[in-house]
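The values are calculated or read from the model by the stated rules, or taken from the named source; none is laboratory data. Computed from a prediction, not measured in an experiment: that's the story for all the values here. Note that each Cβ is placed from the backbone with ideal geometry, even for glycine, and that neighbours are counted across all protein chains shown.
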Amino acid sequence: MKIAILGTAHPLRGGLAAFNERLAYQLQQQGHQVTIWSFSLQYPSFLFPGKTQFTDEPAPQGLDIRTTVNSVNPLNWLSVGSAMNKEQYDLIIVKFWLPFMGPAFGTILRRARRNGKTKVLCVVDNIIPHEHRPGDKQFTNYFIGAVDTFVTMSKDVLKDVKTFTSKPSFFTPHPIYDSYNEPVSKEEACRKLGLDPAKKYMLFFGFIREYKGLDWLLQAMADERIVRSGVELIAAGEYYNKDVEIANNAIIAQFDLGKRVHMVTDFIPNSEVRYYFCAADLVVQPYKHATQSGITQIAFHFGKPMVVTNVGGLAEVVPDGKVGFVAEPVPTSIADAIMRFQQPNALPGFEQNIADERRKYSWETFTEVMMKAVAAVK
């Protein structure tokens, strides 16, 4: 098929770009012709509190990326939609994660599918946003009107989609992020990061936002059992909110965690991701609420056990006692789960279990469900 992906790609950075680029590679391997229509302007500054939206890493090889979409310019939406319409795509795939994008995407897609040929599939990260703003429901409904079929990556999001529309919708888990290079030894990773490979490390990874619960993990680090265990925490990711940074720093000071918590509050380039995961013995996702998480799928790629909270779809992909432990979303339960991991033979058969789980999350399986969703469009 002739396919367009409408959404984030290089030179923009982050998980959305990584997902779209990896999906484009997968579809090309299957013989499809793929173009990514990305942003010339993705976010106005008030929606992006990070340091920069762009990466200085080289562009991915072999992908056709057009940086054309301006998220705040209606005239641009009309011209991009007309240009896509002329391409006569069989399928447009669009990732939806934020209602703010609803007007731009909804307008572009309405114009792009006027040819009577093009179908539109939406891969839904969140249909209900983590942080609410005025107009969310209206923007989301406008976007949904331009879509034919939906694929979600958690069962909770599938339920949410069904509250908005009766159009075809399907669930398949987030595929593994296998584009972050091959693993290295713990020794090499610790050398790269300036850490002691003889110590035990936990990893919190990704943008630091209030709902991701780093404050709860810091409180768990003050638990006397964890103090005695000697385990240290690496928190690697860029803050999205100054108030969250101030609050977390206060917890570090309150419990004198400075020597046991390694804060790396910059965006981690793709080329360096493996060092953080390979230095860690355990990946912790102490989220307060969630849908699904790409961090889980990076941990699968690097073969790392996990502690996740029982929110959203996290527990769906981390079977308790097999590839990690599921905690309740409170600091004491997170500490309990971390201590379970410290016990001898805490995860019997872990290597086989994680190999079995990884097979469920292949990109081949993901695209099979996508094509099933397309076939369901009448």
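Among the residues in the range 195-210, are any surrounded by 20 or more Cβ atoms within 10 Å (Cβ to Cβ) and at pLDDT below 95?
yes
Which is of a type outside the set (A, V, I, L, M, F, W, C), surrounded by fewer than 17 Cβ atoms within 10 Å (Cβ to Cβ) and either outside the structural domain of TRP216 (by TED's automatic domain parsing) or within 21 Å of the chain's Cα centre (by Cα) (or both), of GLU351, GLU357, GLU368? Give the steps one after another, and end with the answer.
Working: GLU351 fails: either outside the structural domain of TRP216 (by TED's automatic domain parsing) or within 21 Å of the chain's Cα centre (by Cα) (or both); GLU357 fails: surrounded by fewer than 17 Cβ atoms within 10 Å (Cβ to Cβ).
Residue meeting the stated conditions: GLU368.
Under 6 Å between Cβ atoms, at least 6 apart or on separate chains: pull out the pairs that start in the range 256-277 with a residue that is free of Cβ contacts under 8 Å to residues at least 60 places away in the same chain and end on any residue that is of a type outside the set (A, V, I, L, M) and surrounded by 15 or more Cβ atoms within 10 Å (Cβ to Cβ).
ARG260/GLU232; THR265/TYR239
Looking only at the range 211-225, count how many residues are touching a helix residue (DSSP H, G or I) at 6+ places or on another chain (Cβ under 7 Å) and either polar (S, T, N, Q) or surrounded by fewer than 22 Cβ atoms within 10 Å (Cβ to Cβ) (or both). Talk me through it step by step, then tell me what you get.
Of all residues in the range 211-225, those touching a helix residue (DSSP H, G or I) at 6+ places or on another chain (Cβ under 7 Å) come to 214-220, 223, 225.
Right, trim to either polar (S, T, N, Q) or surrounded by fewer than 22 Cβ atoms within 10 Å (Cβ to Cβ) (or both) and you get 215, 219, 223, 225.
Here the count works out to 4.
Spot the failing condition for ILE298; the list is (1) touching a Lys or Arg at 6+ places or on another chain (Cβ under 9 Å); (2) among the aliphatic types (A, V, I, L, M); (3) over 14 Å from ASP178 (Cβ atoms), and only one is missed.
The single condition ILE298 does not satisfy is (3).
How many residues are in contact (Cβ under 8 Å) with a residue 60 or more places away in the chain, among the polar types (S, T, N, Q) and not in a loop (DSSP other than H, G, I, E, B) when one looks only at the range 337-378?
3
Let me confirm something: among ILE234, ILE246, which residue is touching a helix residue (DSSP H, G or I) at 6+ places or on another chain (Cβ under 9 Å) and of a type in the set (A, V, I, L, M, F, W, C)? It would help to see each step written out before you state the result.
Details: ILE246 fails: touching a helix residue (DSSP H, G or I) at 6+ places or on another chain (Cβ under 9 Å).
Only one candidate qualifies: ILE234.
Just checking: which of the strands (runs of 3 or more DSSP E) contained wholly in the range 255-310 hold 3 or more residues that are surrounded by 20 or more Cβ atoms within 10 Å (Cβ to Cβ)?
Values: elements: 261-264, 282-285, 306-309.
The strands (runs of 3 or more DSSP E) meeting that bar are 282-285, 306-309.
Would you please name the residue that is surrounded by the most Cβ atoms within 10 Å (Cβ to Cβ), looking only at residues in the range 329-346 that are modelled with pLDDT of 95 or more and of a type in the set (A, V, I, L, M)?
Result: ILE334.
Say whether the condition of being modelled with pLDDT under 95, closer than 17 Å to PHE207 by Cα and acidic (Asp, Glu) is met by at least one residue in the range 254-267.
Yes: one or more hits.
Identify, please: which residue in the range 20-45 is touching a Phe, Trp or Tyr at 6+ places or on another chain (Cβ under 8 Å) and part of a helix (DSSP H, G or I) and is, among those, farthest from PHE100 (Cα to Cα)?
Looking at the filtered set, the residue picked out is GLN26.
Sort out which residues of the range 125-155 are among the hydrophobic types (A, V, I, L, M, F, W, C), more than 11 Å from PRO103 (Cα to Cα) and crowded, with 21+ Cβ neighbours inside 10 Å, and write them in order of number.
First, pick out the residues of the range 125-155 that are among the hydrophobic types (A, V, I, L, M, F, W, C): 127-128, 139, 143-144, 146-147, 150-151, 153.
Restricting the remaining residues to those that are more than 11 Å from PRO103 (Cα to Cα) gives 127-128, 147, 150-151, 153.
Hits for the range 125-155 are ILE127, VAL147, PHE150, VAL151, MET153.
Report whether or not SER293 is out of contact with any Gly (no Cβ under 7 Å at 6 or more places or on another chain), at pLDDT below 95 and over 26 Å from GLU131 (Cβ atoms). So that I can check it myself, show each step before the final result.
On the way: out of contact with any Gly (no Cβ under 7 Å at 6 or more places or on another chain): yes; at pLDDT below 95: yes; over 26 Å from GLU131 (Cβ atoms): no.
No: the conditions fail for SER293.
Can you pull out the residues in the range 291-305 that are farther than 14 Å from ALA18 by Cα and within 8 Å of the chain's Cα centre (by Cα)?
GLN292
In this structure, is THR165 β-branched (Val, Ile, Thr), crowded, with 22+ Cβ neighbours inside 10 Å and modelled with pLDDT of 95 or more?
When the stated conditions are applied, THR165 does not pass them.
Per-residue answers, yes or no, for (1) surrounded by 15 or more Cβ atoms within 10 Å (Cβ to Cβ); (2) touching a Lys or Arg at 6+ places or on another chain (Cβ under 8 Å); (3) within 20 Å of ASN126 (Cβ to Cβ); (4) touching a residue at least 40 places away in the same chain (Cβ under 8 Å):
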site	(1), (2), (3), (4)
ALA9	yes, no, yes, yes
LEU16	yes, yes, yes, yes
ILE36	yes, yes, no, no
PHE54	no, yes, no, yes
GLN61	no, no, no, no
LEU75	no, no, no, no
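Checking the condition in contact with a Phe, Trp or Tyr (Cβ under 6 Å, 6 or more places away or on another chain) and in contact (Cβ under 8 Å) with a residue 40 or more places away in the chain, which residue from THR309, THR291 passes? Quick ask: steps written out before the conclusion?
Values: THR291 fails: in contact with a Phe, Trp or Tyr (Cβ under 6 Å, 6 or more places away or on another chain).
After ruling out the rest, the residue left standing is THR309.
If you go through the range 268-281 one residue at a time, do you hit one that is at pLDDT below 95, farther than 22 Å from MET339 by Cα and more than 21 Å from the chain's Cα centre (by Cα)?
no
Can you pull out the residues in the range 5-35 that are of a type in the set (A, V, I, L, M), in contact with a helix residue (DSSP H, G or I) (Cβ under 6 Å, 6 or more places away or on another chain) and farther than 15 Å from SER179 by Cα? Spell out how you get there, then give the answer.
Quick first cut of the range 5-35, residues of a type in the set (A, V, I, L, M) only: 5-6, 9, 12, 16-18, 23-24, 27, 34.
With in contact with a helix residue (DSSP H, G or I) (Cβ under 6 Å, 6 or more places away or on another chain) added as a condition, the list becomes 5, 9, 34.
Within the range 5-35, ILE5, VAL34 qualify.
Condition first: free of Cβ contacts under 8 Å to residues at least 60 places away in the same chain and under 17 Å from ARG209 (Cα atoms). Can you find one or more residues in the range 322-336 that meet it? Give the derivation first.
Going residue by residue through the range 322-336, those that are free of Cβ contacts under 8 Å to residues at least 60 places away in the same chain are 322-328, 333, 336.
Right, trim to under 17 Å from ARG209 (Cα atoms) and you get none.
No, the conditions are met nowhere in the range 322-336.
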